[in-house]
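Engineer: Below is the structure I would like to discuss, written out as structure tokens.
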Amino acid sequence: MGPTAMAPTAPVPLIRMPQKLIVLFLALLLGLQPVTTDLYLPALPALTQGFGAGMGQAQLTLSALLLAFGLSQLVWGPLSDRYGRRPILLWGMSGYTLASVACAFAPDMVWLIAGRTVQGIAMGAGVMAARAVVRDLFQPAQGATVMSQGLTGLGIIACACAPLGGLLTDALGWRYALLMLAVFGAVTLGLLAWRFEETLTRPDPHALRARPLLQANADILRHPVFLTWCALSAGSYLGLFTFLASSSFVFVTFMGYSKTAYGFLMLSMSLSYIVGTFWCRWMLRRTSVHRTVGIAALLTLTGGLSMAALAYLGQGKDWYGAWAVMVPMYIFMLGHGVHQPCGQSGAVSPFPHRAGTASALNGFLMMLGAFFMGAWLGTHMDQPVFALAHGLSLWAVFITLVAWTAVQRHGRPEAMVPKQSP
């Protein structure tokens, strides 16, 4: 292993923030993703029609956001290791709020795509820093539990986003749905400025130098623990992304549901995810992380394969409806509620002094996959049900293979704790 992987455990900073406040910050920062996607999705068909754009351009508003989100983390991560988490969070949330206002008043699709790109760049600061803060403050085993609590908050935020986006789009128009992103950004920025304390004990003066930075990235990318947990978190997110990017076309365009009804279907999916995060914490109190993930993979595989089976069996049949999509998705999301907190905390666990860089690489690889998945979906949306079914089943099989092989080998507690340098 390289020197980054062998770094000693970082000292825990002395801060006055109670754990409940830390969990609230995690929920808001990690919640940037569902706010920026779930609240926007019910408006996607309406704004596509309003601008006279094609489905390819509509998918680009998501794909460009996610690619910018992933790439920006490669910059935000080292910056946060050098200057600390607080200044990066304040700059990032300021940019997010301004970009959200620009999106809400976009005069055409090109302007909207540009605004979503800037939004993705700014969003990268918040999500990257949230994962790094968990490693700054908690050891790996406790980090998975705290991350799960933060992701429960994310699920609660997601529950409100899709119905609110649908109601605003139906009642007032899609611009008001996009304007709510600016409100969320402004509230989060204000709370960070008021109560967030710096969590990085030892800023790294060499974090932005080319050679140490390249060496650190190479060490992280070679580390089997990082690769294992990154593959798990990325695969699980890409399964969810497949649903998010195609579901509005499945339910609104193909099945004829209203945007408000679609929003409540999304709410029910988020509730399933919340249950999964609670079940994750219940399991972690009784067994190890790697066993918890292995059991959860059974749910993931069941959800993905049943989605595909019902799509083929129900082709052209009257009985095929929303339940045939949502029930498999509920099962998948129960597993997602385990894989995300364990995967995101596990990926940064061996790197206490490079938590920002490790978090950035994890986020970048997840979003790079989402960009290519979004591009693929954009070319297969003539049959949205099958695009969703094929994509979800693919990622379900991938997640299960990772959970039952690499996680069982490299996800054990002794592998996740950084060792002292010889």
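Engineer: Filtering segment 38-74 down to residues that are of a type in the set (S, T, N, Q) and more than 18 Å from Ser258 (Cα to Cα), which residue is modelled with the lowest pLDDT?
Structural biologist: If we take residues in segment 38-74 being of a type in the set (S, T, N, Q) and more than 18 Å from Ser258 (Cα to Cα), then Gln59 is modelled with the lowest pLDDT.
Table: residues versus (1) in contact (Cβ under 8 Å) with a residue 12 or more places away in the chain; (2) in a helix (DSSP H, G or I); (3) under 28 Å from Gly263 (Cα atoms).
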| residue | (1), (2), (3) |
| --- | --- |
| Val325 | yes, yes, yes |
| Asn362 | yes, yes, no |
| Met367 | yes, yes, yes |
| Trp376 | yes, yes, yes |
| Met381 | yes, no, yes |
| His390 | yes, yes, yes |
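Engineer: Could you say which residue among Gly115, Gly120 is surrounded by 24 or more Cβ atoms within 10 Å (Cβ to Cβ) and within 21 Å of the chain's Cα centre (by Cα)?
Structural biologist: None of the other options fit; the residue is Gly120.
Engineer: Residue pairs, Cβ under 6 Å, 6 or more apart or interchain, first in segment 231-258 and in contact (Cβ under 8 Å) with a residue 60 or more places away in the chain and on the phi > 0 side of the Ramachandran plot, second surrounded by fewer than 23 Cβ atoms within 10 Å (Cβ to Cβ) and hydrophobic (A, V, I, L, M, F, W, C). List them.
Structural biologist: none
Engineer: Taking only segment 333-360 into account, find how many residues are modelled with pLDDT of 85 or more, in a helix (DSSP H, G or I) and more than 28 Å from Leu305 (Cα to Cα).
Structural biologist: 5
Engineer: Of all residues in segment 1-23 being modelled with pLDDT of 90 or more and either closer than 20 Å to Gly84 by Cβ or assigned to a loop (DSSP other than H, G, I, E, B) (or both), which is nearest to the chain's Cα centre (by Cα)?
Structural biologist: Only one residue tops the list, namely Ile22.
Engineer: In a helix (DSSP H, G or I) and buried (at least 24 other Cβ atoms within 10 Å of the Cβ), is that true of Val127?
Structural biologist: yes
Engineer: Condition test on Ala396, is it farther than 25 Å from Leu26 by Cβ, modelled with pLDDT of 95 or more and surrounded by 24 or more Cβ atoms within 10 Å (Cβ to Cβ)?
Structural biologist: For Ala396, the condition - farther than 25 Å from Leu26 by Cβ, modelled with pLDDT of 95 or more and surrounded by 24 or more Cβ atoms within 10 Å (Cβ to Cβ) - is met.
Engineer: Determine whether Thr152 is out of contact with any Lys or Arg (no Cβ under 7 Å at 6 or more places or on another chain), part of a helix (DSSP H, G or I), buried (at least 21 other Cβ atoms within 10 Å of the Cβ) and of a type in the set (Val, Ile, Thr).
Structural biologist: Answer is yes for this residue.
Engineer: Still on this structure: How about segment 79-96: which of its residues are within 16 Å of Ala207 (Cβ to Cβ) and within 20 Å of the chain's Cα centre (by Cα)?
Structural biologist: Result: Ser80, Arg85, Ile88.
Engineer: Looking at the structure I just gave you, is Thr292 among the hydroxyl-bearing types (Ser, Thr, Tyr), crowded, with 19+ Cβ neighbours inside 10 Å and farther than 24 Å from Ala389 by Cβ? Spell out how you get there, then give the answer.
Structural biologist: Values: among the hydroxyl-bearing types (Ser, Thr, Tyr): yes; crowded, with 19+ Cβ neighbours inside 10 Å: yes; farther than 24 Å from Ala389 by Cβ: yes.
Considered against the rule, which asks whether it is among the hydroxyl-bearing types (Ser, Thr, Tyr), crowded, with 19+ Cβ neighbours inside 10 Å and farther than 24 Å from Ala389 by Cβ, Thr292 comes out as yes.
Here is a yes/no grid of residues against (1) at pLDDT 95 or above; (2) over 16 Å from Leu334 (Cβ atoms):
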position	(1), (2)
Ser268	no, no
Ser272	no, no
Thr277	no, no
Met283	no, no
Ser288	no, yes
Gly294	yes, no
Leu298	yes, no
Leu305	yes, no
Ala309	yes, yes
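The values are calculated or read from the model by the stated rules, or taken from the named source; none is laboratory data. What you see is a predicted model; the values in this text were computed from it and never measured. Positions of Cβ are generated from backbone atoms using ideal geometry, with glycine treated the same way; all protein chains shown enter the neighbour counts.
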